[in-house]
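Everything below concerns the one structure shown next.
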Amino acid sequence: QLVESGGSLVQPGGSLRLSCAASKSILSINIMGWYRQAPGKQRELVAQLTRSGMTTYADSVKGRFTISRDNTKNTLYLQMNSLKPEDTAVYYCKATYFLGSSDWGQGTLVTVSS
């Protein structure tokens, strides 16, 4: 089970940190990632972090967003800086396990607006 939190209304240029708490050790998860879905658009990958520590970012967020994890808290984070209105979306956490199955969180809404 994955539970996201941290979504909020923020002004352009502001920052937010999203959290994704896992019910099991994240060390047992092959890949953890953040996805987002804006109204009328398809869900897209924002950032992902592999068990070995490799990161991948969408071009649109490179240099602004940072994905990280705290193994002791079984929590994945997404630090979002210099937010833009186009970052407005529901953000989802996804865990992909070593056998290929995956879980999604329920999502948390981020709104960037003045």
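The values are calculated or read from the model by the stated rules, or taken from the named source; none is laboratory data. Everything numeric in this text was worked out from a predicted model, so none of it was measured. When the accessible area is computed, the model is the full protein with side chains, heavy atoms only, and any ligands, DNA or RNA have been set aside. Shrake-Rupley method; radii C 1.70, N 1.55, O 1.52, S 1.80 Å.
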Check your understanding: When the accessible area of the chain is split by element with a 1.4 Å probe, what percent falls to carbon and sulfur?
Key -> 49
**Study point:** segment 45-114: equivalent-ellipsoid semi-axes (sqrt of 5 x gyration tensor eigenvalues, Cα, Å)
**Key:** 23, 14, 12
Practice item. Hey, could you get me the Stokes-Einstein D for segment 7-89, Kirkwood radius over alpha-carbon pairs, 10 °C and 1.306 mPa s, rounded to whole µm² s⁻¹? Key: 119
**Study point:** Per-residue ³J(HN,Hα) for segment 95-101, Karplus 6.51 cos²θ - 1.76 cosθ + 1.60, θ = phi - 60°, Hz, x for Gly and Pro
**Key:** 10, 10, 8, 5, 8, x, 6
Check your understanding: Residues of the chain: accessible area per residue at 1.4 Å, in Å²?
Key -> 52
